[in-house]
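The values are calculated or read from the model by the stated rules, or taken from the named source; none is laboratory data. This is a predicted model, so every value here is computed, not measured. Cβ atoms come from the backbone with ideal geometry, glycine included; neighbour counts cover every protein chain shown.
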Amino acid sequence: MIIKGKSRAGPQQLATHLGNAEKNETVRLIETRGTIAQDLRGALIEMDAYAAGARCQRSHYHAAISPEPPHLLRPEQRTEAIDALEKKLGLDGHARVVVTHEKLGRQHIHVVWSRIDLEKMRAVSDSHKFRKHQEVSRWPPQTPPRFTPT
């Protein structure tokens, strides 16, 4: 599994990219969590509004999860992978939007979280993101084989 991600600004532009049905055969909004708005654009704009109190320029964290072709993640696997990445990034329980794209039989998942911790009114750090992506991309964790003496 390949995971790429970064902090972003511009909810309008991100909503346009994620909702682009011209470049993808299938675009599905799978989940909106932690927002009143239940549509993609509205949820991203709402999450961006949280940033005003935290004085944060890049209030979203956008990650793309791509299973190795030809594999497709079952819904429960998709949820486990998203939750593992969310926990590793320190975004547990933050507002999020999940969108899937399919193109030429290849599935990939986009997840956008609000980086704003509403209790502390500050952005969650996005440092060491590449290491965190790499650790989760090895999901599910492989247990090393046990040494058996001969």
Test: LEU72 is touching a Phe, Trp or Tyr at 6+ places or on another chain (Cβ under 8 Å) and assigned to a loop (DSSP other than H, G, I, E, B): no
Do we have any residue at all in region 86-96 that's part of a helix (DSSP H, G or I) and exposed (fewer than 14 other Cβ atoms within 10 Å of the Cβ)? yes
I'm told THR32 meets every condition in (1) in contact (Cβ under 8 Å) with a residue 60 or more places away in the chain; (2) over 17 Å from ARG115 (Cβ atoms); (3) of a type outside the set (D, E, K, R) except one. Can you identify the failing condition by its number? (2)
Considering residues of region 17-63 that are in contact with a Lys or Arg (Cβ under 8 Å, 6 or more places away or on another chain) and in a loop (DSSP other than H, G, I, E, B) only, the residue surrounded by the most Cβ atoms within 10 Å (Cβ to Cβ): SER59
When you scan region 64-94, how many residues do you find that are in contact with a Lys or Arg (Cβ under 6 Å, 6 or more places away or on another chain) and under 21 Å from HIS17 (Cα atoms)? 1
What are the residue pairs meeting all of these: first residue in region 12-27, first residue modelled with pLDDT of 85 or more, second residue of a type in the set (Val, Ile, Thr) and surrounded by fewer than 18 Cβ atoms within 10 Å (Cβ to Cβ), Cβ atoms under 9 Å, and 6 or more apart or on different chains? GLN12/ILE45; ALA15/ILE45
Being touching a Pro at 6+ places or on another chain (Cβ under 6 Å) and among the β-branched types (Val, Ile, Thr) narrows it down to one of ILE36, ILE45, so name that one. ILE45
Taking region 84-118, which residues are more than 9 Å from the chain's Cα centre (by Cα), of a type in the set (Asp, Glu) and at pLDDT 90 or above? ASP92
Neighbours by Cβ (under 6 Å, 6+ apart or cross-chain): first from region 51-75, at negative phi; second modelled with pLDDT of 80 or more and among the hydroxyl-bearing types (Ser, Thr, Tyr): ALA51/SER59; ARG58/SER7; TYR61/SER7
